[in-house]
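For reference, the structure discussed in these notes is given below.
The values are calculated or read from the model by the stated rules, or taken from the named source; none is laboratory data. If you're wondering where the values come from, they're calculated on a predicted model, not measured in any experiment. Backbone-built Cβ (ideal geometry, glycine too); neighbour counts: all protein chains shown. Each accessible area value is taken on the protein alone, full model and side chains, heavy atoms only, with ligands, DNA and RNA left out. Shrake-Rupley method; radii C 1.70, N 1.55, O 1.52, S 1.80 Å.
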Amino acid sequence: RLTKYYVGIFTLLWIGSMLLVYQSQSHFQMKNAKRSLFFLANECQFELICHKEGPVDAIATPIENLPEHCKKKIQDALKGFVPYAAYYIKEHVRYLVAGIHDGVPMLFTVDGKELSIERYPKQEYLEFLHGEFNEEAYGQWQNPILLIVTGPDGKILTTSFFDSVFRPLVEKLFHLDEPLEGYRRISDGKNSLLFFISRLYDGNLLLVAQNMEKNDAHLRHLLGILGCSLVVFIVAGVCLAFLLAQK
């Protein structure tokens with residue numbers, strides 16, 4: 001009876017700790033994937049408006065995370081401005097906010113109490129983004145990234161290198177009843193894509209997606225290791241529990 005009791009306790013503790021390891025690893029991988037997709041989407045939005053690269057020493061920042069004094073300064077300077085991308089330069093405590101006002105692309109730079117505005121000509125962007133997309137995709141060869149612009153109805157307007165095997169997943173995305181905004185994971189049993197969806201200033205949609213196959217394979221491998229270690233632990237636990245019970 002003592003042997004069974006000890007084995008049961010040890011096994012439950014082991015399973016609990018292994019589930020915690022698996023869950024933390026899964027959460028860590030998903031968090032990194034989401035952060036990578038957001039950075040790419042922010043970069044694409046910034047380059048679309050400003051037609052130049054974002055600062056290399058800057059950190060991509062969600063619009064909702066901009067400090068209130070920064071939002072207020074921008075709205076006081078130009079009411080009706082709609083931001084689409086933002087960067088924070090920590091060294092200089094400076095914010096760069098790219099957006100649109102009355103159809104005109106603009107960049108606000110908030111540097112302490114100083115505020116500057118740059119205006120850019122509105123240009124046809126599909127060809128520009130197509131070149132940027134393929135440049136970004138080549139830089140992500142170890143973890144395939146898809147960059148896509150679609151119309152509100154899901155019609156694909158331009159893409160990076162696009163494998164036709166993923167087209168059904170993109171089409172499936174537009175059959176969801178939920179609003180197309182933020183993160184969505186779509187699977188078909190064989191393939192799985194994690195999307196980050198944001199709206200462009202003309203109403204079209206920017207889809208940045210990552211193939212989750214490598215992440216899933218890594219988690220399956222981890223699960224297999226944990227399963228094997230559980231068997232070894234149970235065998236060793238039975239022997240140890242028997243010795244303890246004998247004493």
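Once divided by 2.2 N^0.38 Å, the Cα radius of gyration of the chain becomes 1.38.
Per-residue ellipticity at 222 nm, computed for the chain from helices alone with -39500 (n - 2.57) per DSSP H run of at least four residues, works out to -16000 deg cm²/dmol.
Which residue, chosen from L180, T158, M212, occupies the Cα position most advanced towards the positive end of the dipole of segment 154-247, where the dipole is computed from +1 (Lys, Arg) and -1 (Asp, Glu) charges on Cβ about the Cα centre? Of the listed residues, the answer is M212. In this rough spin-label picture, where each label sits 7 Å from Cα along the Cβ direction, the L219-A77 distance is 4.3 nm.
At 1.4 Å probe size, put D57, D216 in order of accessible surface, largest to smallest.
Values: D57 80, D216 35 Å².
Sorted by accessible area, descending: D57, D216.
With R₀ set to 45 Å, the beta-carbon distance separating L12 from E53 gives a calculated FRET efficiency near 0.25. Based on protein heavy atoms only, segment 11-95 ends up with 57 Å² per residue of surface accessible to a 1.4 Å probe. Between E135 and E68, the FRET efficiency from the beta-carbon distance, with R0 = 35 Å, is close to 0.50.
Excluding same-chain residues fewer than 8 positions from K190, which lysines have a Cα within less than 27 Å of its Cα? Of all the lysines, those that pass the test against K190 - Cα under 27 Å, at least 8 places apart if same chain - are K31, K34, K155, K172, K214.
Applying a DSSP loop filter and a limit of 16 other Cβ atoms within 10 Å to the GluC sites (Glu not before Pro) in segment 74-153 leaves E91, E124.
Each Cα pair under 8 Å and six or more residues apart adds its separation to the average, and for the chain the resulting relative contact order is 20 percent.
Can you give the angle from 0 to 90° between the axis of helix 126-138 and the longest principal axis of the chain, with both taken from C-alpha atoms, to the nearest 10? Helix 126-138 sits roughly 30 degrees off the main axis of the chain.
The simple Förster model, with R0 at 22 Å and r as the Cβ-Cβ distance, assigns I117 and F39 a FRET efficiency of 0.30. In whole percent, how big is the carbon plus sulfur part of the accessible area of segment 35-137, probe 1.4 Å, protein atoms only? Here carbon and sulfur together make up 53 percent of the probe-accessible area.
If eta is 0.692 mPa s and T is 37 °C, what Stokes-Einstein diffusion coefficient results for segment 1-119, Kirkwood Rh from Cα pairs, in µm²/s? It comes out at roughly 191 µm²/s.
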